[in-house]
1. Lys302 versus Ile14, label points 7 Å from Cα toward the beta carbon: distance in nm?
2. Would you please state which residues of the stretch 178-207 a label at Asn262 would reach in this model, taking the label point 7 Å out along Cα→Cβ and a backbone N cut-off of under 20 Å?
3. If you bin the C-alpha pair distances of the stretch 46-202 every 10 Å from 0, what whole percents do you get?
4. Using only alpha carbon pairs under 8 Å that are at least six residues apart, calculate the relative contact order of the stretch 529-643 and give it in whole percent.
5. What are the radius of gyration and Dmax of the stretch 529-643, computed over its Cα atoms and given in Å?
6. How high is the FRET efficiency between Ser626 and Ala148 when r is their beta carbon distance and R₀ equals 41 Å, given to the nearest 0.05?
7. Which lysines, on any chain, are close to Lys175 with Cα under 28 Å apart, when same-chain ones fewer than 8 places away are left out?
8. Identify the residues of the stretch 496-529 with backbone N under 18 Å of a label point that sits 7 angstrom from the Cα of Asp24 along the Cα-to-Cβ direction, or state none.
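Bear in mind that the values in this text are calculations on the coordinates, not laboratory data. Please read these numbers as outputs of a predicted model, since none were measured by experiment. Please note: Cβ atoms are built from the backbone with ideal geometry, for glycine as well, and neighbour counts cover all protein chains shown.
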Amino acid sequence: MESSLILSLLSDDILSRILDHLFDDSDRKSFRATCKSFHRVESGHRTRLKFLRPEFIPPLLRNYTGADTLDFSVCPRIYDGSIAALLSDVSCSGWARRLKKLVLCRTTSLRVSGMEMIVRSCPRLQAVDVSHCYQFGDREAAALSCAAELREVKMDKCLRLTDVGVAKIAIRCVKLEKMSLKWCLEITDLGIDLLSKKCPRLKHLSVSYLKISNESLRSISSLQKLEVLLMVGCGLVGDEGLHFLGNGCPSLQVLDVSRCENVSSAGLISITRGCKSLQKLNAGYYFLELSTTVFENFKDLKHLKTIRVDGARVNDTFFKIISTNCLFLVEVGLSKCEGVDDAGIMQLAYGHPGLKLLDLTCCNDLTDMAISAVAHSCTKLLCLKLESCSLLTEKSFSSIGSSCVLLEELDLTECCVNDKGLEYLSKCVELQCLRLGICTDISSKGLSYIASKCKNLKELDLYRCFNIDDDGLGFIASGCKKLRKLNLCYCTKITDTGIACLRQLEELSDLEMRSILDVTSAGLTALAAGCRKLSQLDIKHCGNIGDAGFWSLSYYSWNLQQINISYCGVSDAGLCMMMSNLPRLQDVKLVNLAKVSVRGYELALRSSCARLKKVKVVASLRPLLSVELLEALGASGCRIRWD
């Protein structure tokens, strides 16, 4: 009675303010389920909807009338007809006039007419994401260009898009501020030049992995408002291009030139001398050695917060300059760098106590001395990556556990950590991601320490941790209720008993458990019954899982989107049952299913043809499957990988 009275005193405004601070979906779900008034306020407060299945779309649009962002990226199939039906449905009218952002990532079945209907009906549309829609080309881009209010377009890996489509958008969408063209391999200097001339408001541009040359950077350098430029893997760009950027782009704050093989220290010198407002610089890989002049110019980058020089050869001068001059650094990436030693890291740690992210992957000369200095000095650290730092002992882990109390992500893959080390690390109670792959000295006892204190853990990697058994999974399942992602591949001591323990993890969505031969259909059935949010499952080489396990998946796991069952013991009946009954299944790997016949493959693929986006099967099946099936899969936008 008292609790009801207290709830009645909370006004809608107070409830809305509470919702402003609830970012986790499960927290918002709990809020919504409290009472009718909480549900009503949450419905009006929500501005973003992510659809899981097509039949849910109309009722959600009716109930959430404040939503101006719609995400169809995980919805199995959105056709032109689906859009027409939504626009003509009077019960949920008004959504199109409210729409500001539309996410169509991987919706491979939407064509020109559907895009035209969306643009014509959504006058307030400002942002569109059509990434990985490999059938999105120039005609679709022309339709999208009619959205005159567009400010943000993301078209990563739209492989059919050419300069013509980019030109259509550039000419008509003059308010464009953000454009991403990553992996659009048909885009050339011509398209980038036109985009730079027609869209002077651009602030964010990604041209990563494009076959563009220095001429494109000459054009980009004219963008006076450009703040972010991402050009990862642009192999034809060289120092001359960076010279253009250094003499232009006065507003540039973020630059990523990693994996640009023809860029040298001379190009970076042009950037560091010209772009004084730079806050984030990623120059990882292909820089075998950065010259002293580059390091010295870092002195002038007074606003630099992030620097990554992964794979480069560094020296004492580098650590001295960034430690004494780059006073605002919060993120440093030194993955696979040569010349990283204890003295350099100690100098970095003492000079930057405010560091929040430090990547020391494969810096295998480091000892406890360096890590202890980092732990004791950088107490605000949120992310620490120490993969393959094999000289570290319990002393390092004790220092991390005692001092880095805010740590959220820790990567100890292939480190010499043992159960005592995990006991020390369990003091990092804010940990959300812990990677322990190939840490062969840890056992279930060590996991008991983590499970007892790290209650916020969401991701745990135990890849090839051979000593983890069923007891360890029991500890994790009872202690880490927020766990969403778990890697158990090659943990060969695990049996059905351990997998059955995982049914307590109601939030688990991603599970990898390759080559665990003692898991059978019984274990998979228990898992499926408890973990209803499971969306990605990898059970490759789990040869003792048979039809009964797959029948359970088809009954319980309706949220499953991606599955790898290669080399499993499923037969025609089990495969057809699973493929036909899982309404959200979009990505399947079906390699070497010895008990499945050609007819079984045919029937299973036909039953799910309308939903699938990716299929991987053995190449020898190609001439045996019917032409009609292959044409139907292609027409629906499904990509087949022949292994």
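1. A separation of 4.7 nm, rounded to one decimal place.
2. Inside the label zone: 182-194, 206-207.
3. 11, 44, 32, 11, 1
4. 22 percent
5. Rg and Dmax of the stretch 529-643, Cα atoms, are 12.9, 40 Å.
6. Efficiency for this residue pair is about 0.35.
7. In chain and number order, the partners are Lys50, Lys100, Lys101, Lys154, Lys157, Lys197, Lys198, Lys203, Lys211, Lys225, Lys276, Lys280.
8. 504-510
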